Each structure stands twice: as structure tokens, then as C-alpha cells.
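The values are calculated or read from the model by the stated rules, or taken from the named source; none is laboratory data. Being a predicted model, the structure only gives us computed values, none of them experimental. Here the Cβ is made from the backbone with ideal geometry for all residues, glycine too, and neighbour counts use every protein chain on show.
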Amino acid sequence: MTELSPAAKAVQATVDAMYRDWGNMMPSSSDAIAAAALQAVADQVVPNDGVASSIERIVEKRIRDELLAIAAELKAQ
């Protein structure tokens, strides 16, 4: 097994923390897990630094916003 990247470790830690928080209870669906994973991915791929001055950063922010919109939709289930 290969070593995980720091970004992958951060996503894994987020999902692990959700399981710890739930204790022995499991969510009614996997939507909450998927939402948390997407939020963690968005934070790793496009950190929210508030700067969107270049075309590249504007595109990155749109990608982040789309990931977070999917996560919000899943959370609302």
C-alpha cells in the first residue's frame, strides 16, 4: 500500500472524525459521509483563501463552489 498524499489524508481524517462523532450510530444514508468527503476535498483542492484575482483562481473558486453545492445538496437529504 502506498503512502497517502497530505490531501488524501485530510479527507480520510474528516471521514474518520465523522465516524468517531457518530459513535455506534450510523447515518440513515451515506449522504452525510459523501457530503463531508466533498467538503474536505474542496478544502484540499481549492482552499478558501478569499483571493480570486486571476482567471485561474476564478475557475478554481467556481470548482470549489460546485463541490460545496453538491455537498450541501447531499446534507439536505
Going by the structure shown, is S28 of a type in the set (S, T, N, Q), over 12 Å from the mean Cα position of the chain (by Cα), modelled with pLDDT under 75 and at negative phi?
-> yes
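Results for (1) in contact (Cβ under 8 Å) with a residue 24 or more places away in the chain; (2) surrounded by 13 or more Cβ atoms within 10 Å (Cβ to Cβ); (3) within 10 Å of the chain's Cα centre (by Cα); (4) not in a helix (DSSP H, G or I), shown as yes or no for each residue.
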position: A36; (1), (2), (3), (4): yes, yes, yes, no
position: Q39; (1), (2), (3), (4): yes, yes, yes, no
position: I58; (1), (2), (3), (4): no, no, no, no
position: R64; (1), (2), (3), (4): no, yes, yes, no
position: A69; (1), (2), (3), (4): no, no, no, no
For segment 47-71, enumerate the residues that are hydrophobic (A, V, I, L, M, F, W, C), within 26 Å of D21 (Cα to Cα) and modelled with pLDDT under 85.
-> I70, A71
